[in-house]
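Okay, structure first, notes after.
The values are calculated or read from the model by the stated rules, or taken from the named source; none is laboratory data. All figures in this text were calculated on a predicted structure; none of them were measured in a lab. Please note: Cβ atoms are built from the backbone with ideal geometry, for glycine as well, and neighbour counts cover all protein chains shown. With ligands, DNA and RNA removed, areas are computed over all heavy atoms of the protein, side chains included. Shrake-Rupley method; radii C 1.70, N 1.55, O 1.52, S 1.80 Å.
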Amino acid sequence: MTKVRHVGVLTAGGDCPGLNAVIRAIVKSAVLDHGIRVTGFLDGFAGLLENRSREVGFDDVSNILNQGGTILGASNRDDPFRVPVPGPEGTLHEDRSDRVLETLERHRIDALITLGGDGTLSIADRLVRKGAPVVGVPKTIDNDLSETDVTFGFDSARAVATEAVDRLHTTAASHHRIMVVEVMGRNAGWIALEAGIAGGGDVILIPEIPFRYGQICEGILSRTRRGRRSSLVVVSEGAKSPDGKTVVQRMVEGSAEPVRLGGIGAVVANELESALPFEVRYVVLGHLQRGGAPTPLDRILGTRFGVAALQAAVDCAWGTMPAVRGERIVRASVKEAVARLKLVDPKGEQVATARSVGVVFGDEAA
Ligand code: F6P
């Protein structure tokens with residue numbers, strides 16, 4: 001018999017389609033399979049730092065499988081190991097992680113399940129090293145976590161981005177324009193690469209393949225020579241030129257990942273318009289990629305992850321997270337998952353496939 005009778009759950013980092021599917025699966029499996037109580041901590045780690053929570057029962061998770069967002073609220077700026085404290089000499093940062101342990105103790109939580117990306121799971125890993133009973137669940141639209149083939153949320157974001165590329169093609173073709181669409185993904189190019197392939201993008205710019213404007217222009221002009229009068233450019237928010245410079249939109253104080261990228265779409269559009277005989281327009285998809293209902297794949301993956309995470313909690317497998325390997329769900333190490341980002345391989349099969357169908361990446365190999 002497990003010693004675990006009461007499980008805590010929180011959703012930290014950015015929201016993401018599929019979070020509610022995971023919460024629902026955790027609660028249903030806890031109640032139906034194990035007779036375990038579940039308490040949700042509100043707004044990510046803020047709920048643990050400020051002792052804000054609510055019990056989540058069977059009825060609370062009814063009809064949430066297809067809902068975007070998270071019924072528990074989320075925050076991507078409450079790192080308990082680095083809480084900003086304003087003072088006369090500016091903002092200092094304090095380690096308040098002891099409060100997290102106190103709150104868990106106060107509620108007699110036997111296991112905490114944290115749903116999040118690399119920032120959240122890094123915090124989870126540090127809490128485990130402090131002795132907290134924590135299990136992770138890998139979430140992110142960016143799909144940049146190691147140790148798992150895929151994270152939930154990615155399929156939904158890729159679907160939104162693909163639909164956007166599809167829709168922009170018609171305007172590009174009608175007006176003989178270049179349309180640039182900026183997608184999310186932080187330092188990983190998965191959304192741009194896969195939505196670009198799925199949507200038939202002509203140019204795909206990703207952080208893993210630094211680009212030169214001359215190469216992009218050459219690629220577009222060679223399309224023109226073949227009679228194409230419009231082009232579709234998919235640019236990842238973290239795409240960079242060879243000097244390594246990214247376009248930063250803002251810094252977020254107190255976030256485990258303070259840099260917010262954004263703006264490269266406009267920069268690329270301006271550069272292309274001044275260098276080429278085409279009108280150029282750009283669109284930034286932004287948070288549209290994180291909102292709304294999860295795809296069937298993310299609902300299924302979220303459900304599988306939720307059940308597997310609850311089982312890991314029951315088994316006291318602290319510091320682990322469910323992960324996808326091929327067809328199977330396995331238990332992976334959170335520490336390993338956050339040790340390095342899972343990036344697109346510039347020499348990998350997906351990039352080679354895209355090149356074979358004429359995609360321009362803006363590098364020397366183009
Ligand atoms: O990590 C998910 C993500 O949506 C990134 O793709 C993006 O760079 C970032 O979060 C945006 O964060 P925020 O919601 O704080 O603007």
**Request:** Read through the list (1) within 21 Å of V307 (Cα to Cα); (2) buried (at least 24 other Cβ atoms within 10 Å of the Cβ); (3) more than 12 Å from the ligand (Cβ to nearest atom), then give the number of the only condition that I123 fails.
**Result:** (1)
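When only residues in the range 327-366 that are assigned to a helix (DSSP H, G or I) and of a type in the set (G, A, S) count, which is surrounded by the most Cβ atoms within 10 Å (Cβ to Cβ)?
Restricting to residues being assigned to a helix (DSSP H, G or I) and of a type in the set (G, A, S), the top hit is A337.
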**Request:** May I ask you to list the residues in the range 238-258 that are of a type in the set (G, A, S), within 11 Å of the ligand (Cβ to nearest atom) and touching a residue at least 60 places away in the same chain (Cβ under 8 Å)?
**Result:** S255, A256
**Asked** Just for the range 145-196: of the residues that are within 13 Å of the ligand (Cβ to nearest atom) and polar (S, T, N, Q), which one is surrounded by the fewest Cβ atoms within 10 Å (Cβ to Cβ)?
**Response** N187
**Item:** Out of L221, L285, L276, sole residue that is modelled with pLDDT of 95 or more and buried (at least 20 other Cβ atoms within 10 Å of the Cβ)
**Value:** L285
**Message:** Within the range 212-229, does at least one residue satisfy the condition of being away from the ligand (no atom under 16 Å from the Cβ) and touching a helix residue (DSSP H, G or I) at 6+ places or on another chain (Cβ under 6 Å)?
**Reply:** yes
**Request:** Select from the range 259-292 the residues that are within 11 Å of the ligand (Cβ to nearest atom) and among the hydrophobic types (A, V, I, L, M, F, W, C) and list them in ascending order.
**Result:** V259, L261, L285, L288
**Request:** Determine whether the range 313-323 contains at least one residue that is of a type in the set (G, A, S), more than 16 Å from the ligand (Cβ to nearest atom) and within 30 Å of A164 (Cβ to Cβ).
**Result:** yes
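Can you find, within the range 81-108, the residue that is nearest to L48 (Cα to Cα) among those that are open to solvent by 100 Å² or more (accessible area, probe 1.4 Å) and in contact (Cβ under 8 Å) with a residue 12 or more places away in the chain?
Applying the first criterion (open to solvent by 100 Å² or more (accessible area, probe 1.4 Å)) to the range 81-108 yields 82, 86, 88-89, 92, 99, 102, 105-106, 108.
Restricting the remaining residues to those that are in contact (Cβ under 8 Å) with a residue 12 or more places away in the chain gives 82, 99, 106, 108.
Working: R82: 14, R99: 7, R106: 11, R108: 13 Å.
Restricting to residues being open to solvent by 100 Å² or more (accessible area, probe 1.4 Å) and in contact (Cβ under 8 Å) with a residue 12 or more places away in the chain, the top hit is R99.
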**Message:** Return the pair list, or none, for Cβ contacts closer than 6 Å from residues in the range 4-15 that are over 15 Å from V307 (Cα atoms) to residues that are assigned to a strand (DSSP E or B) and within 11 Å of the ligand (Cβ to nearest atom), at least 6 apart or on different chains.
**Reply:** A12/G116; G13/G116
**Prompt:** Right, D142: touching an Asp or Glu at 6+ places or on another chain (Cβ under 8 Å) and within 14 Å of the ligand (Cβ to nearest atom) or not?
**Reply:** no
**Message:** Would you confirm, using the coordinates I've provided, whether G263 is at positive phi and open to solvent by 20 Å² or more (accessible area, probe 1.4 Å)?
**Reply:** yes
